[in-house]
Amino acid sequence: MNIFNLFKKQKMISGVLQDNRMIEDKEKDYLTEEILAMAVPLNYITWEEWKVKEENIKMLADIQVNNQNNVGSCASQAGSLALAINNYIEDKKFLKFSAKPIYARRRNKISAGMYMDDLGNICREYGTVPEILYPSPNDTEANMSCLEGYLSAYESIAKVLRVKNYFWLYQTTNIDSFAQILALGKPVVMTVIFGDGEFGEIAPEVKPVPTKYGHAITILPNAYFTYNGKKAILIQNSWGDFRYYGGRQILTEDWFINNRVVCGIWFEDLNNLSVFNEQVEKPKYNFVNNLYYGMNNDEVKILQKCLATEKDDDGYLFPLYQTATGYFGGITLQAVKRFQTKYEIEPVAGYVGIKTRTKLNQLFNCG
């Protein structure tokens, strides 16, 4: 029985679980403004009538469609597909990745479904392996939740195939923000909610029905366009390739405007060989200006690069593989606070004033 039939029979309420993190954990997320600082500028985005773009024709032919079957593993299916697409972009050959090592590590293994922060953390910390090495059975929750036979060699392979980092997209009523990421040629994992009778067409329409189900899907790279006069995206489900447009559907901006989109996650990919070289070049710089939350300039970018070479007991202060954007947002704020705590700089407020600048210049000044 396909998962779609389970939805229709109301035996499964959600494949994606509502974010239940503490507020202090959510505050560590990148802000949408930080993410879009890395994306294609909005004025570069052009919306054209629906067609398969030339750069996507071969990709759509090569990318395999997952089928989660009887299991509430849509988030891990969408995440493993996003990792596989990133790998495809690098190697120019599609290699299907297993959803099982991702789903089996979720924190709610006693029940179906998955939290999206689990998806991001697992893809960043553990990664996954090719499906041919460790198949996803997709027959029962118990089989998909077990890592039996997962060899230590697979752990090493998975480290090569993990991602640098993941970022939340919270401007979920704005389809343009998603297009800015898709225009980078990257996929986005997105959570949608829907009710009975809403999600069964090639281009499903929002209907005045209560939302009952949470579902994760993958938006394909560069797949933004207009459809019947509305902005739209092309998504890939994990319900097999025998449904809709070869397993793909079109979601219009109505889904965004009507709050059917909960969030998106964008993975920044690691080069496959980077796992063998974690050496970080230490920047040399003399900080002369105060830096604070909300700023966006080159000096903040250098600050981020400096903090990426500093460690405390929890690891690198600024994510080691993260692109320095120059935007002083939540992640940079937390990194500065950890820097201040490490060097006993008071107050621990995340503001780079004279005391913090003095310590930074002791460590990084080339003078």
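Scan the stretch 50-109 for residues that are within 23 Å of residue 142 (Cβ to Cβ), part of a loop (DSSP other than H, G, I, E, B) and aromatic (Phe, Trp, Tyr) and report the count.
Qualifying residue count for the region: 0.
Tell me yes or no: at least one residue of the stretch 314-321 is among the hydrophobic types (A, V, I, L, M, F, W, C) and more than 29 Å from residue 163 (Cβ to Cβ).
No.
Can you find a residue that is of a type outside the set (A, V, I, L, M, F, W, C), assigned by TED's automatic domain parsing to the domain that holds residue 114 and on the phi > 0 side of the Ramachandran plot anywhere in the stretch 199-221?
no
Within the set of pairs 6+ apart or on separate chains, which have a first residue in the stretch 42-59 that is more than 20 Å from residue 235 (Cβ to Cβ) and in the same structural domain as residue 220 (by TED's automatic domain parsing), a second that is modelled with pLDDT under 80 and aliphatic (A, V, I, L, M), and C-beta atoms under 9 Å apart?
Pairs that qualify, where the first residue is more than 20 Å from residue 235 (Cβ to Cβ) and in the same structural domain as residue 220 (by TED's automatic domain parsing) and the partner is modelled with pLDDT under 80 and aliphatic (A, V, I, L, M), are 42/36.
With respect to residue 115, is the statement that it is of a type outside the set (A, V, I, L, M) and within 17 Å of residue 216 (Cβ to Cβ) true?
On the way: of a type outside the set (A, V, I, L, M): yes; within 17 Å of residue 216 (Cβ to Cβ): yes.
Against the criterion (of a type outside the set (A, V, I, L, M) and within 17 Å of residue 216 (Cβ to Cβ)), residue 115 qualifies.
So, of the residues in the stretch 317-367 that are among the charged types (D, E, K, R) and free of Cβ contacts under 8 Å to residues at least 12 places away in the same chain, which turns out to be surrounded by the most Cβ atoms within 10 Å (Cβ to Cβ)?
Only one residue tops the list, namely 355.
Among the helices (runs of 4 or more DSSP H) confined wholly to the stretch 118-222, which include 1 or more residues that are among the aromatic types (Phe, Trp, Tyr)?
Numbers: elements: 141-144, 152-160, 175-182.
By residue number, 152-160, 175-182.
The values are calculated or read from the model by the stated rules, or taken from the named source; none is laboratory data. Worth saying up front: this structure is predicted, and the values here are computed from it rather than measured. All Cβ positions, even for glycine, are placed from backbone atoms using ideal geometry, and neighbour counts span all protein chains on display.
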